[in-house]
Structure formats: C-alpha cells, structure tokens
1. Would you call Leu227 open to solvent by less than 60 Å² (accessible area, probe 1.4 Å), of a type outside the set (Phe, Trp, Tyr), in contact (Cβ under 8 Å) with a residue 12 or more places away in the chain and not in a helix (DSSP H, G or I)?
2. Out of the residues in segment 383-429 meeting the condition of being in a loop (DSSP other than H, G, I, E, B) and among the basic types (Lys, Arg), tell me which one is modelled with the lowest pLDDT.
3. Quick check: anything in segment 37-54 crowded, with 19+ Cβ neighbours inside 10 Å, among the hydrophobic types (A, V, I, L, M, F, W, C) and in contact with a helix residue (DSSP H, G or I) (Cβ under 6 Å, 6 or more places away or on another chain)?
4. Write out, first by first residue and then by second, each pair whose Cβ atoms fall under 9 Å of each other, whose residues are 6+ apart or on separate chains, and whose first residue, in segment 27-42, is closer than 19 Å to Ser182 by Cβ while the second is exposed (fewer than 13 other Cβ atoms within 10 Å of the Cβ) and at pLDDT below 80.
5. Tell me the residue from Thr407, Thr384 that is over 19 Å from Phe470 (Cβ atoms) and open to solvent by 50 Å² or more (accessible area, probe 1.4 Å), please.
6. Determine whether Ala264 is in the same structural domain as Leu310 (by the TED database) and modelled with pLDDT under 80.
7. Considering only residues of segment 432-475 that are of a type in the set (S, T, N, Q) and closer than 17 Å to Gly408 by Cβ, which is modelled with the lowest pLDDT?
8. Taking Val59 as the residue in question, decide whether it is out of contact with any helix residue (DSSP H, G or I) (no Cβ under 9 Å at 6 or more places or on another chain) and assigned to a helix (DSSP H, G or I).
Amino acid sequence: MKKTGIGYRITAGLVVTALLTAILSILLLFVLTEKAFNDYIKQNRIEQAREISGILGDVYDRNGWEGVRSLVEGASMMRQGHKRWMGTDRNPTGMGPFGGQGMGPMMGIIQRQVIVTDPNGNIIISSEDISPQTPISKSLWDLRVPIFSSQGHIGYLIVWSQARPAEKSLESIFFRTISRYSFLAVFFGLVIAIVVGYLISRQLTSPIKKLSDTVRLFTRGERDIRLTVTGDDELGTLAADFNAMADSIKKSEELRKNLTADVAHELRTPLSILRGTLESIQAGVLSPTPEVILSLQDEIIRMSRLVKDLSDLSRAEAGNLELNREEISPVELKEKFSYFKTEAEFKGIDFIVDIPPDLPKISVDVVRITQVISNLLTNALRHTASGKIELSAKSSKDGVLFSVKDTGCGIKQEDLPHVFDRFYRAEKSRSRTTGGMGLGLAIARSLVEIHGGKIWVESEEGKGAEFKFFIPIIK
C-alpha cells in the first residue's frame, strides 16, 4: 500500500481547515443575519406602534375606549375587505374613520394586527378575535409601546403580524445573495487552500527529499556528500546537523582506519622480532642465551603495554573508566616523581619541582593523575637534549593548574593541533624505540578530561614546549 506523502497531507489539511472554517463562518453569518433581520422587523413594528399610539391617545381623549375599539375594529374590517364601513354612523370622529389624522400612520392598523392593553397588560381591544383572558407571549410583550392621552399613561399598544410580502421578498433576496456569495467564498477559499497547500508542501518536501536522497547516498558509502544550508529555520538547522554528523562519521571512520593501521604497524614489528628469533633458535642459528630471552621478554612487555594503553584509552574516551577519587593536596604528588630526577640527571638535564604546600585540595584518582604527569615528563625527557625540565603547580580560578615545561626542540606550529592524537608523531621517521608509540599524550588528555579538566600545549619551535592541564576543585 502506497503511503500518502507529507505534501498531500499538508494540502488536504489546509483544504479541510478552509472548508470547516467556511462552513462555520457561513452558519454563523446566517444566524447573525437572521437575528439582525428579525431585530430590524421588530424595530420596524415598534416604530409603527409609536406612530399609531399617538393617534389612539387622541381618539381616547375624544371618545374613550369605545372610540379606540371602533377605530381598531373598523381597520380590521377594512383589512378584510369590508370597505362599506367607510362613512357609516360608526365613524367615531365625524371626520372620516381616522379622525382627521394622516392616512400614513393609520395604514399600520389596516396592514397589521394590533392589541391594546391596560397598564397591567390585560387585553382591552384586539384587531383579531383574541380573548381578553389570553396571556400575551413574551415575544409580543417585547413589542409594546405605551399609549398616552391627556389623562396620562392609559395602556400599551402592540403591533404585530407576519412579515409582509415586501419584507419576505427582501428577506429572500438578502439570504439568496448571502448564500450565493458564501458559496463563491467557499469555492475560492478551497482553490486558495489547494494552491497555498501545494506551494507550502513543495517548499517543505523539497529539502526533505534532498535530505532523504543525501542520506541514501551517504549510507551507500559516499562520505563526501553534503547538504546545502539555505536558511536558518528548522530545515536549515536539520541540514547543518546532518552535515556535522556526516563530518563526525567521516572523521571517526578515518580515525578507526588509522587506528587499525597504527595498531597493525605497532604489533607487526615486535611480532616479527619474536617470530624471527624463535625461528632462528629452532633452526639452531641462534642460541637461547639469557640475553636473547630478555630481548624476547622486552618485546612481549612492549606489546602488553600497547594493549593496556589502548584499552585504557578506549575506556576513557567512552567514559567507562572508573576513578578512585580521593582528596589530596597537590604537594603530595611531589614525591612520586623522585625517580625521574635520576633519569634526567643521567642525561645531564636539571629536573625542578615547584609545587607549593598551600595549594587547595583536589579530588582525583591519584594513580591516573600520576600517570598523566608521568606521560608528560617522559615526553619532555624524550625531546630535551640539554637544559631543564620543570614540573610546577599553582592555584587557579576554581582549581589547580599543573605545568610541565622543557627546553627541548619544541613543536612546529602545524603539529600543535595534533599532538594529542593517538599514534601521532611529529617526526615520522622516529623509531619506536626513540619515539614511543604515540599514545602517551592521547591517554593524558583523556584522563584529564574524565576528571573534568582540560589540557593544552604552548610551544615555539626551537624554544621548548610547555604542557598545561587544569584540574577543577570539586565543591
């Protein structure tokens, strides 16, 4: 079953939203329009009642309720077609059925049904055959207009009827017009929703499709492929994150390949020596003297140290190396490097230790920190032919700053960014015997970082190097 694309879902969502919004808007428009139209009719009835109430007040002053009743009944008969009533003896005013008043307002009595009540709401007169005991509904009572005569407030007048043909025609035309334009609005709304949905979905799906294609090529081994970052929105951030991930994966693969090659290289030499020596002993070419056995043991120790260093480095980088922390004063580390003084003096190099006793205590794994300093001192001794090597420590903000400074050959600027990389040697031609295996500084960096600190180097070629690392105070 084919999956529905995100573009279709976005467009469908906008169409449904537009359709529901249009339907709800039309329903609301019809409800509000009907209410407004009814309010208009109601107000029209009230205005007519106000005009008629003045005439009824005048008739009441001349002939009382009987005159009002005659006027209302006569108007009712005229509405029913009994026009012979005009000019009969029942004329209450002697000036025609309207008492000399204008024809305009009185046409409301002829065209409408009217109810006249007393001030208490009891029906007195009605143009329809309505019983005086009939209760007046709230909708009719809301149409009441007070009737005043010279005697004051005498009652209420209610003018009501079904909508006239003209009103019905107006209402029909009005609603028909609203319906027509509402359907047009719905149609154009749907068209706009489809167009906007298509444009938005295309804008969204195009970079997503590019990302999908790039990921597919990347998984097939094309590690150099990257996305073009075209904006600072979420899609642009996604593209930048993918590029960063791709760079990280490529770098990791390169490191893995280099690691494999370096390990193979480091193991190949001692294994070749072991194999060649053993084969020579078996062939009788070489006698298994103590010196030969000792050389074989040295190679085995070298391989064991390589495996151990790689294991420690991998565990440290993965965060799985456990630390046996204890609070110590940095000056307690001073005695752990007394052996180094003998090695330095043997090469004619001065070894200076400057660790004041008043430094703040730090929480460290003593064995691991000793290993860090030992690696730095060994590295300094290897690259210093004469002069001095100084181990120092001083208080720094929120921690202690250690330093191993030498007067050796220094480090080239192009090599500085790589000195902490595993198996990295600034002098590619150095042998394993004089240059080590290239893991000491990488291990030192990992051990410092798992203590929450940082390590760096400052050097100028020909003027020595200074390795510094910072260990924070655990509060």
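1. Spelling it out, Leu227 is indeed open to solvent by less than 60 Å² (accessible area, probe 1.4 Å), of a type outside the set (Phe, Trp, Tyr), in contact (Cβ under 8 Å) with a residue 12 or more places away in the chain and not in a helix (DSSP H, G or I).
2. That would be Lys428.
3. Yes; the residues of segment 37-54 include at least one that is crowded, with 19+ Cβ neighbours inside 10 Å, among the hydrophobic types (A, V, I, L, M, F, W, C) and in contact with a helix residue (DSSP H, G or I) (Cβ under 6 Å, 6 or more places away or on another chain).
4. Nothing qualifies.
5. The unique qualifying residue is Thr407.
6. Here the answer is yes, as Ala264 does meet what is asked.
7. Ranking the qualifying residues of segment 432-475, first place goes to Thr434.
8. Against the criterion (out of contact with any helix residue (DSSP H, G or I) (no Cβ under 9 Å at 6 or more places or on another chain) and assigned to a helix (DSSP H, G or I)), Val59 does not qualify.
The values are calculated or read from the model by the stated rules, or taken from the named source; none is laboratory data. Note that the structure is a prediction, hence the values are computed from the model and not measured. Heads up, the Cβs are rebuilt from the backbone with ideal geometry, glycines too, and the neighbour counts pull from every protein chain shown. Areas reflect the complete protein model, heavy atoms only, side chains present, ligands, DNA and RNA absent. Shrake-Rupley method; radii C 1.70, N 1.55, O 1.52, S 1.80 Å.
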